Amino acid sequence: MFLSQQSIPLEAISPTIAEWNLHPWECRILPEELHASLASCGILHPPLVIADSTRTFAVVSGVRRIEFIRQFSPLSQVNCLVIDKNAPHNFILDLLLVEQNSAGPLSLAEKARFIEIACRLSVPEEVMRDFQKKLQLKGGRSTIPNLLKILDQDESIIQDIHAGRIQDRMVTELLSLPKNGDRLAMALLFRNLRMGDGQQRKFFNLIRDIACREGVSISAFLQKSDVVEILEHTMMNIPQKIQHLGNMLQHAVAPTSALAEEAFALQIKGLQLPSSYTVSHSPFFEKDDVTLSITFKNLADCIRYLNQEQN
């Protein structure tokens, strides 16, 4: 058996965190909730460590738990789950996954970090064969290079990807930007406006296209006075800023369409329709068709309405 429980002296546990940790960008931070939990209940789940040939132990999982003991506890030893130094690589990696999944699914940044660790121990083809399904990754030769590219980014971007502030489906497009300053500027916009997936994709495409057309970088475009005026407006809340910025960008991309949108909205407002009625036009007014939608409280109300219309 390659796993045992032992009481390990603190001085025998290496303070180095880079070798196995799946989120080194945040593991030194001890959140208040975790601090309170450890202070009131102690360590309920033993840290996972691995022995080496020098009689010291590297932390595989549980850096913050051990750091709490170092800083706030009088204990000189800590109970750990110890992996034997001769354990197979895949055994260690499987334990690492089980340990992390017990706290929640891996973020995309953590998957990238896991792949980096695994590729240190094995060739990429074997890593994909053994862990593609476990990590819920798509196949293909570009999967590993695209994931590892995440770890080359500024730490603030890695943290945003890890926290979900940059949506997973947006990561590849964001990292395709050649300039680091442009990536940072877009990530800051997503973060400050708390944009969801659909909004991120919409604003990314609009801003990239406008900046390209104007021959400026994305970061320079986002520093233009009319953009900054919206983003730093003290009287607008976040949804209002998103709406105003979206209108400005849409007008810049398609002025005719934006004007038509305004005229359409005025016409609908003039109809004074009930709040349950919605009128929408075809995308970019490509057709003259319009759609009237009615929201009912329940199916019975809808049936009554349809019966009245048919009569």
Original post:
the range 113-154: percent of C-alpha pairs farther apart than 14 Å?
Top reply: 42 percent
Original post:
Considering only protein heavy atoms, what is the solvent-accessible area of His89 at a probe of 1.4 Å, reported in Å² to the nearest 10?
Top reply: 90 Å²
**OP:** Over the residues of the range 210-263, compute the C-alpha Rg and express it relative to 2.2 N^0.38 Å.
**Re:** 1.20
Original post:
Percentage of Cα-Cα pair distances in the range 86-162 greater than 19 Å, rounded to whole percent?
Top reply: 34 percent
Original post:
If you look at just the Cα atoms of the range 167-276, how large are its Rg and its Dmax in Å?
Top reply: 15.5, 49
Original post:
How high is the relative contact order of the range 164-302, given as a whole-number percent (alpha carbon pairs under 8 Å, six or more residues apart)?
Top reply: 15 percent
**OP:** Average the reciprocal distances over every distinct pair of alpha-carbons in the chain, invert the result, and give the Kirkwood radius in Å.
**Re:** 24.0 Å
**OP:** Please calculate how many Å² of accessible area the range 85-138 carries per residue, with a 1.4 Å probe and no DNA, RNA or ligand atoms counted.
**Re:** 54 Å²
**OP:** Return the carbon/sulfur percentage of the accessible area of the range 134-272, one whole number, probe 1.4 Å, all protein chains in place.
**Re:** 52 percent
Subject >> Total charge dipole magnitude, the chain, about the Cα centre, Cβ charges on Lys, Arg, Asp, Glu only, Debye to nearest 20 >> reply: 260 debye
**OP:** Distance check, please: which entries in Lys202/Lys224; Lys269/Lys297; Lys111/Lys202; Lys202/Lys241; Lys133/Lys202 exceed 21 angstrom between their Cα atoms?
**Re:** Lys269/Lys297; Lys111/Lys202; Lys133/Lys202
**OP:** Return the sequence-ordered ³J(HN,Hα) values of the range 192-204 in whole Hz as given by the Karplus equation 6.51 cos²θ - 1.76 cosθ + 1.60 applied to θ = phi - 60°, using x for Gly and Pro.
**Re:** 5, 9, 6, 6, x, 4, x, 5, 4, 5, 4, 6, 4
Original post:
Using 7 Å Cα-to-Cβ label points, what is the His244/Leu10 separation (nm, one decimal)?
Top reply: 5.3 nm
Original post:
Just the projected area, averaged over all directions, of the convex hull on the alpha carbon atoms of the range 112-232: how many nm²?
Top reply: 8.2 nm²
Original post:
Of Leu189, His281, Tyr305, whose Cα points farthest to the positive end of the dipole of the chain (charges on the beta-carbon: +1 Lys, Arg; -1 Asp, Glu; origin at the Cα centre)?
Top reply: Tyr305
Original post:
Which of the peptides 177-190, 288-301, 134-147 is most tightly packed, and how do the rest follow, judged by the mean count of other Cβ atoms within 10 Å per residue?
Top reply: 177-190, 134-147, 288-301
**OP:** Give me the accessible area per residue for the range 191-311, probe 1.4 Å, as a whole number in Å².
**Re:** 70 Å²
**OP:** Quick one: grab Rg to one decimal and Dmax as a whole number for the range 1-127, Cα atoms only, in Å.
**Re:** 14.5, 47
Original post:
Based solely on its DSSP helices, what 222 nm [θ] is calculated for the chain when runs of n ≥ 4 H residues each add -39,500 (n - 2.57) and the sum is averaged over all residues, nearest 500 deg cm²/dmol?
Top reply: -16500 deg cm²/dmol
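The values are calculated or read from the model by the stated rules, or taken from the named source; none is laboratory data. Just so you know, these numbers come straight off a predicted model, no measurement behind them. Cβ atoms come from the backbone with ideal geometry, glycine included; neighbour counts cover every protein chain shown. Surface areas here come from the heavy atoms of the whole protein model, side chains and all, with no ligands, DNA or RNA. Shrake-Rupley method; radii C 1.70, N 1.55, O 1.52, S 1.80 Å.
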